Amino acid sequence: MLEYILSQIVIRALIASLLASLTSALVGSFIVLRRLSTMGAAIAHVCFAGAMVAYVTDVDPSLGALSMSLTLATAISYARSRREGQSEAILGAAIGISSAIAALALSLSREYSAVAFSYLVGDVLGVSEREIALLFTASTITLVIVALLYRGLKYSTLDPETAEAMGLRVEVYEYVLSFLAAVLLVVEMRVVGMILAQVYIVAPAASAWELAHSVEGVIAVAAVLAFISAIAGFSISLAFNLPTSATIGIVAAVIYVLSLLLSPKRRGRCLLAFLKRECRV
Amino acid sequence: MSSCKPLIAFSHVDVAYAHELALIDVTFTIEEPAFTVIVGPNGAGKTTLLRAALGLVKPVRGRIIVLGIDVEKDPWRVRRLVGYVPQRERLDQTMPALVRDVVLMGVSLRKPLTRRLTRRDYEKAEQALKRVGLEELWDEPFTHLSGGQQQRVLIARALAAEPKLLLLDEPLSGVDPQSQEAIVKLLSEMVKGGVGVVMVTHDLNPLIGYVDYLMLLNKRVIAFGRPSKLLEPEVLSKTYGRRVHVFRVGSTCFVLSGDSHA
């Protein structure tokens, strides 16, 4: 009986990790290619701050996280569509300010530290069927939106100047992409935690960019690497009794470092050159 | 193209960036499909003029008509009819794109983005790439190409969109002489096929003999007309603000400035 319950917990956790990693790889590919990796981190931070403020004020933390993340997504998309160069400053400020807000909210009572920890690292082994259903719904909606708007997302990522000059409303895709990231991070934060959610958005796609020569290639490789990170991290965490989210995050980071060292785009063989003491990066 | 619908008409256009005027009282009209080249020194407003024609920057004064459409009133309609070739140096050379992705973008942007690309769309893109002589590079990563090849692929993308008017921003910059010649000949053929071409360039020499209209721009239109009348040292020197020499060898003419940018 205990074995059955354990196997159900593990299966649910594995499904949640895979859903989160694959959907993030898809959205993350566009975010990373647009050099918006900091946006992933900033949205994750404001999600966390929103959840903490909502928790101490007795509101549903997911609502707090969603309202904060959508506000930041709107501000970033607006700033980027105006092209006045403040978007980077907004992201930097958002990370700092949201950290301060979260710290302030947490300082109000010591009992919130356990809650804060659960939002930071998630509770993938404790994921409920309802949470999996929510993650599955968010993943399906994301997939449908990306499939419908794929060419616009692709061209506004590859060459926004020409795309706009030839009639594509690139600012619409800015908003779509940041809203997708905002909603996805809120849903994933509850399951896999803020830290892993932002790793999932950035690391597999950044690794894939080093290895692939087309947008479709980046998405496919990112999905494969996200899958490998989730499976390998999950197995290692179970074998050595380590926190699942943190282990998956570290596996994803190791894959990223390896992709940098072995990237054919960096005339490859950086690792080999390093071993020969020729790499002077 | 009907004569009552000018290809491009600027009427007393001023464009400003942060209160500094980039274009001042620019007025000109190109009636029929022609090969028009805009030259001028750095900061003369050449790129701004193209961007204004597409409605990407709004004039603080004046009126712009492109293909018979008031750009301020309906910039999106203008953009959907015009082909645009950006400065190659401004493209992100780390972007993961195959040559076919770049050329298919021209076809894709001309149809509803939710509709699937058909076999006919792929053929259009392949033909456009063939016209620039690079059909064998269809599956190559764009960033693996030389500067000249990249520029030709960017022109193929614009061709694939079947534009009525083609705007090109420095398409000869950083391009080898053979590619320069191939590009200029192709553009000249397009003009003969009824497409208006407006090109911004630093380097006038590869174009002499092909150009129908020449504009000398230095924030203001210094001169606009047939090149035979404008390729005079006095007019060019006024545009660049320094001495420019014009050498004629037989029917060929060469322009040389202090920094060889004319």
- [ ] Highest first, please rank the peptides B:99-107, A:193-201 by the mean number of other Cβ atoms sitting within 10 Å of their residues.
- [x] A:193-201, B:99-107
- [ ] Using a 10 angstrom cutoff on alpha carbons, build the Gaussian network for chain A and name the most mobile of A:Ala203, A:Ala212, A:Ala16.
- [x] A:Ala212
Task: Cα gyration tensor of the range B:57-193 - equivalent ellipsoid semi-axes, whole Å, descending - done: 25, 19, 15
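Evaluate the charge dipole of the protein assembly as shown about its Cα centre and quote only its size in Debye, nearest 20, assuming +1 on the Cβ of each Lys and Arg and -1 on the Cβ of each Asp and Glu.
On the way: 54 positive and 47 negative charges, 215 e Å.
Magnitude of the dipole: close to 1040 debye.
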- [ ] Using the structure shown, select from B:Lys5/B:Lys130; A:Lys154/B:Lys111; A:Lys154/B:Lys73 the pairs with a Cα to Cα distance greater than 22 angstrom.
- [x] B:Lys5/B:Lys130; A:Lys154/B:Lys73
Task: Residue (of B:Leu129, B:Leu56, B:Gly174) at the positive-pole extreme of the range B:19-176, dipole from beta-carbon charges - done: B:Leu56
Task: Whole-Hz ³J(HN,Hα) from phi, Karplus 6.51 cos²θ - 1.76 cosθ + 1.60, for the range B:18-23, glycine and proline x - done: 6, 6, 9, 6, 9, 10
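Tell me the relative contact order for the range B:21-101 as a rounded percent, counting alpha carbon contacts under 8 Å between residues six or more apart. Let's see the in-between values first.
Numbers: 41 pairs, mean separation 14.4, N = 81.
Rounded, it is 18 percent for the range B:21-101.
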Task: the range B:135-203 versus the range A:190-209: alpha-carbon centroid distance in Å - done: 40 Å
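If you place +1 on the Cβ of every Lys and Arg, -1 on the Cβ of every Asp and Glu, and leave all else neutral, what size is the dipole of the range A:88-201 about its Cα centre, to the nearest 20 Debye?
On the way: 6 positive and 11 negative charges, 42 e Å.
I would put it at about 200 debye.
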TODO: Give the relative contact order (percent, whole number) for the range B:75-227; include only Cα pairs under 8 Å separated by 6+ residues.
DONE: 26 percent
Task: Evaluated over chain A, the Cα radius of gyration and Dmax, each in Å - done: 19.2, 64
Task: Cα lying deepest toward the dipole's positive end in the protein assembly as shown, options A:Leu211, B:Leu154, A:Ala253, charges on Cβ - done: B:Leu154
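Please average, across the residues of B:151-159, the number of beta carbons from any other chain that are within 10 Å of each residue's own beta carbon, and give a whole number. Intermediate values should be presented prior to the final figure.
Numbers: counts 0, 0, 0, 2, 0, 0, 3, 3, 0.
Mean partner-chain Cβ count within 10 Å for B:151-159: 1.
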TODO: May I ask which residue of A:Gly40, A:Ala232, B:Pro206 lies farthest towards the positive end of the charge dipole of the protein assembly as shown, with charges of +1 (Lys, Arg) and -1 (Asp, Glu) on Cβ and the Cα centre as origin?
DONE: B:Pro206
Task: Distance histogram in 20 Å bins (all Cα pairs of the protein assembly as shown, percent per bin) - done: 20, 44, 27, 8, 0
Task: Estimated inter-spin distance, B:Ser146 and A:Leu134, nm [label 7 Å along Cα→Cβ] - done: 5.8 nm
Task: Distance (nanometres) between label positions extended 7 Å along Cα→Cβ at A:Ala89 and A:Lys265 - done: 2.9 nm
TODO: Could you give the C-alpha radius of gyration of chain B expressed as a fraction of 2.2 N^0.38 Å, taking N as the number of residues it contains?
DONE: 1.00
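Shielding of B:93-103 by partners, i.e. mean partner chain Cβ atoms within 10 Å per residue? Please report the intermediate quantities before stating the final value.
Numbers: counts 0, 4, 10, 18, 9, 5, 0, 1, 8, 4, 0.
That works out to 5 on average.
Compute the Kirkwood hydrodynamic radius of the range A:55-148, taking the inverse of the mean of 1/r over all pairs of distinct Cα atoms, and give it in Å to one decimal. Could the numbers behind the result be given before it?
Values: mean 1/r = 0.0625 Å⁻¹.
With all distinct Cα pairs of the range A:55-148 included, I get 16.0 Å.
Only the coordinates and a few stated rules stand behind these numbers; no lab work does. Remember, predicted model here, so these are calculated numbers, not experimental data. FYI the Cβ positions are ideal-geometry reconstructions off the backbone, even for glycines, and counts take in every protein chain you see.
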